[in-house]
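Scroll down for the structure; my scribbles are underneath it.
Bear in mind these aren't lab numbers, they're just calculated from the coordinates by the rules spelled out. This is a predicted model, so every value here is computed, not measured. Glycine gets a Cβ as well: all are built from the backbone with ideal geometry, and neighbour counts include every protein chain shown.
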């Protein structure tokens, strides 16, 4: 059975990764996840996007928030506040187990990729969960208030400062996870799907590694991006605010241009159908808003059919 | 107002420390606590006896178990088990905040004594909570199954291996916390109370520091030990099992002989009143079983009155 690669940031991307996972037989999806958001907090190594993918694919995620675990409790955070600890980053009691155990294993010398694939297996995930790299790549946001590490910008400051530029420290030299390179080089690969995560904050860290860009360009499979922008609005998060602050046109077309040279097709929302003709790559138009698991599977299936058509066309 | 020093291990000792704290005006008790049980687990620095004292004096302790926090939840441990983590040491969700925050502050270079006094203050404790030392002293238990670190012996193996000897790595060279030395040297000090903790496992690590022994011997205040053994049985824990395995007579008299040279008086249980005449030091006989807060205050008050009589006698 041929495989599919999903490239994902956090919540938005994980929805489509789940759609692909649910639409396909077990063990046919590899999810490459952003680690640019990773940070150390309270001495714990935290990988927010990898964890969102982990919880989403294992069915443990909170359906309301999109991040963190369902049925989470907050006794740790309450007690931490009582003894003067730093509580700006929300850590649920069950979620904490993941950070403590990952930190312990990283400090014992295991690689992030090995740890997360092992934990994904223990949580019953029948897909490969692949952090983009074992090396640190760190997203830095240059703002009107100075340079902020990603979580400071995103969580502590709630994306309020005006973004001037986004940089990825370590991206130029980080090695892509070997399993990621193998997955992208698979001659039978059906499709590479850039999921609807924030292109600038969540996908760009992945693309900041020259080895990753080269592997995507060399891949035989069609690369399809699914729009994170619908009718000039992001489904979730600060994508539109950031596009405005970076003086970009706020539209799906600008996202497609951002990925130009890497993508072979673009999935556009029905609401933006009129834009289709101006696109630099072939377009598939559908309702891309994913609320239910059914929505996610349908968008996944349509994206794969689109990839199939592109593949046939190029043969 | 003159002060009182309590020397305590875990649960048994903390009961009398609480009695002294409750019986006296605020800010008149200094509790010196064993750190020989401290260990690193899951990358966290854990101080079980200091934490038992902290939770007991702040009113947060679990009245049933005696250790840990009341109304504790266990989502962390359940989640940790689900991802293959080590769960032999019980860490509650709220309790975890203390270990994460202490570890963070220790790694940032703060001393254990400073951290614990700060946290004790934040939890409203109007006594000084003094870890015996900022330096690592580690209790090692030589057993018929080899040498075990304290928590391995005590928690993981539930005190099942037969004890041959107990050692305190680092005790010879560890410096006593300066605040402890100041407290013991106070010429106005009313009493130094060795609380009813396990003498071999919980008090001996404190006494393993030559500087501590010298300070106790030099102290002007009477040193009183309160019996951890009643009628040949320990109220809690493995004291009797260990005394048997170390070929000691299982009695309060053996405990008094163990402390000989350091103590000026011994509080013996009513059940053991017949032993009083054979004691090497003056004895006060009372019901030493402490179930209610009232019991704890009464034993505390009787111990202080006894100290007062000894002090008058020596003047």
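Would you mind finding the one in B:256, B:174, B:234 that is within 24 Å of residue B:275 (Cα to Cα) and crowded, with 23+ Cβ neighbours inside 10 Å?
None of the other options fit; the residue is B:256.
Spot the failing condition for residue A:87; the list is (1) buried (at least 19 other Cβ atoms within 10 Å of the Cβ); (2) more than 9 Å from chain B (Cβ to nearest Cβ); (3) within 30 Å of residue B:55 (Cβ to Cβ), and only one is missed.
(1)
For region A:227-249, which positions are assigned to a helix (DSSP H, G or I) and touching a helix residue (DSSP H, G or I) at 6+ places or on another chain (Cβ under 9 Å)?
Across region A:227-249, the qualifying residues are A:239, A:242, A:243.
Condition test on residue B:79, is it at the interface with chain A (Cβ under 7 Å from one of its Cβ atoms) and either surrounded by fewer than 15 Cβ atoms within 10 Å (Cβ to Cβ) or at negative phi (or both)?
Yes.
In region A:112-137, what residues are part of a loop (DSSP other than H, G, I, E, B), under 20 Å from the mean Cα position of the chain (by Cα) and more than 8 Å from every other protein chain (Cβ to nearest Cβ)?
Result: A:125, A:126, A:127, A:132, A:134, A:135, A:136, A:137.
Results for (1) in contact (Cβ under 8 Å) with a residue 40 or more places away in the chain; (2) assigned to a loop (DSSP other than H, G, I, E, B); (3) within 22 Å of residue B:17 (Cβ to Cβ), shown as yes or no for each residue.
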residue: B:255; (1), (2), (3): yes, no, yes
residue: B:262; (1), (2), (3): yes, yes, yes
residue: B:275; (1), (2), (3): no, no, no
residue: B:290; (1), (2), (3): yes, yes, yes
residue: B:295; (1), (2), (3): yes, no, yes
residue: B:301; (1), (2), (3): yes, no, yes
residue: B:304; (1), (2), (3): yes, no, yes
residue: B:310; (1), (2), (3): yes, no, yes
residue: B:313; (1), (2), (3): no, no, no
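Take residue A:206 and decide whether it is in a strand (DSSP E or B), in contact (Cβ under 8 Å) with a residue 60 or more places away in the chain and within 15 Å of the chain's Cα centre (by Cα). Step through it out loud before you land on a result.
Values: in a strand (DSSP E or B): no; in contact (Cβ under 8 Å) with a residue 60 or more places away in the chain: yes; within 15 Å of the chain's Cα centre (by Cα): yes.
It is false that residue A:206 is in a strand (DSSP E or B), in contact (Cβ under 8 Å) with a residue 60 or more places away in the chain and within 15 Å of the chain's Cα centre (by Cα).
How many residues are without any contact (Cβ under 8 Å) to a residue 60 or more places away in the chain, surrounded by 20 or more Cβ atoms within 10 Å (Cβ to Cβ) and closer than 17 Å to residue A:166 by Cα when one looks only at region A:237-253?
Going through region A:237-253 one residue at a time, the tally reaches 2.
When the residues of region A:97-110 are filtered to those that are in contact with a strand residue (DSSP E or B) (Cβ under 8 Å, 6 or more places away or on another chain) and within 7 Å of chain B (Cβ to nearest Cβ), which remaining residue is nearest to residue B:92 (Cα to Cα)?
A:100
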